[in-house]
Amino acid sequence: MGRRWLHDLLFADWGLKLLALTITLGLWFAVTGQRVPTTARLHDVRLSFILPADMEISNEPRDRVDVTLRGSKRVLDAIKLGDMSLSYDASSYRQGERVVRLSPNNITVQLPEGINPEGVVVERIEPGSIPLRLERRVERELAVEPKIEGKLPDGYELVGLESLPARVRVRGPESHVSALERAPTETILLDGRTESFTATQIAIDIQDRKIVALDTVVDVQVKIAEAQTTKRLGGVAARAADGSDSRLTIEVRGPRSVVETLRAADLSVVFDTAEDGTTRPRLLLPPNLEGRIELISTNP
């Protein structure tokens, strides 16, 4: 009986037993292979700096590094580019030119949630040194410079730009803030405009990435008027300070569409006597033209 049992154990269904043994060995090698330490190199891993409270970086240091990691293959395979980042504590640094020496012992590793940091070792960081320039953080008020783009229709012109508020606060490294003269805005389009308008919530757009606008938006009043022109008119009625009447040649200025249609009969000039005894001409206009036409000169 014992020999028969042993014979059946060894030789009965030997094909199934061989298959089971193969599967078992395969699983064992797969599991142990995942646990064997290995290395992986990640490119362009994010690097940030912890700075003193009153300092900022004024140069453009690298913010990406290459990192060589060591750990189990299963863990390393789970770390994808973008999931991992490094930080360096520079909070004890003083103002000036510095060189940061990166090593596995002085950086902090941020890993994806669910990965045990004890199972991952940083073996190498490249480059191993990064120049860093620290400057005092300052704030300053700058005049706003509205930016415009586009072309007004023929016969119209831009006569003024006014920002509300006129000045904004900015912050950044001292040398960068000192070098900036004005705070430009994003572009305001003028195409097709024939009347004044107010552009609201226009963003402050400073190209220097080191400078932050603390007041981020402004309103801009854009003043548009019809193009001005001048015209000479002869035979315009005039009354002198003594009450005598005469005829003059005058030159006036105003919107083109209005000035070009003016006739001498539409206007008259009165000479007023000032407190110092001098006489000054005053242009009399129809009610619909008040404030739109300016007297430039009279002759005689």
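Putting +1 on Lys and Arg Cβ atoms and -1 on Asp and Glu Cβ atoms, find which of Ala90, Thr200, Val65 reaches farthest to the positive end of the dipole of the chain.
Result: Val65, furthest along the dipole toward the positive end.
List the lysines whose alpha-carbon lies under 18 Å from that of Lys73, not counting same-chain residues fewer than 8 positions away?
The reachable lysines, counting only those whose Cα sits under 18 Å from Lys73, number zero.
Scattering from the C-alpha atoms of the chain alone, worked out with Debye: what is log10 I(q)/I(0) at q = 0.06, 0.12 1/Å?
-0.54, -0.98
My understanding is that a pair violates if its Cα-Cα distance is over 23 Å; which of Lys151/Lys210; Lys151/Lys223; Lys151/Lys231 do that in this structure?
Checking Cα-Cα distances, Lys151/Lys210; Lys151/Lys231 exceed 23 Å.
To the nearest µm²/s, what D does Stokes-Einstein give for the range 228-299 at 20 °C and 1.002 mPa s, using the Kirkwood radius over alpha carbon pairs as Rh?
The Stokes-Einstein estimate is 171 µm²/s.
Work out how much length Asp54 to Ala143 would gain on full extension: take 0.36 nm times their residue separation and subtract the Cα-Cα distance, in nm to one decimal.
29.6 nm
Name the trypsin sites (Lys or Arg not before Pro) in the range 48-108 that are in a loop by DSSP and that have at most 16 other C-beta atoms within 10 Å, would you?
Here the trypsin sites (Lys or Arg not before Pro) that fit, given the DSSP loop and packing criteria, are Arg62, Lys80, Arg94.
Taking H as built 1.01 Å from N, whose amide H comes closer than 5 Å to the amide H of Ile224, not counting residues under 5 places away?
When sequence neighbours closer than 5 places are left aside, the close amide H contacts are Val159, Ser196, Phe197.
Contact order normalised by length for the range 141-226, with contacts defined as Cα pairs under 8 Å and 6 or more residues apart; what percent is it?
Relative contact order, the range 141-226: 42 percent.
Could you tell me how many degrees, from 0 to 90 and to the nearest 10, lie between the Cα long axis of helix 14-35 and the main elongation axis, the longest principal axis, of the Cα atoms of the chain?
Taking Cα atoms only, the helix is inclined about 50 degrees.
Rounded to whole Å, give me the distance from the Cα center of the range 184-257 to that of the range 46-118.
One Cα centre to the other: 55 Å.
Using square roots of five times the C-alpha gyration tensor eigenvalues, list the equivalent-ellipsoid semi-axes of the range 153-298 in whole Å, biggest first.
Working through the eigenvalues yields semi-axes of 48, 19, 11 Å.
Once both axes come from the Cα atoms, what is the angle between helix 2-11 and the longest principal axis of the chain, in degrees from 0 to 90, rounded to 10?
Between the helix axis and the principal axis of the chain, the angle is about 30 degrees.
Quick note: the coordinates plus some simple rules give every number you see, no bench work behind them. Since the structure is predicted, the reported quantities are computational estimates derived from the model, not experimental observations. With ideal geometry, Cβ positions are generated from the backbone for all residues, glycine too; neighbour counts draw on all protein chains shown.
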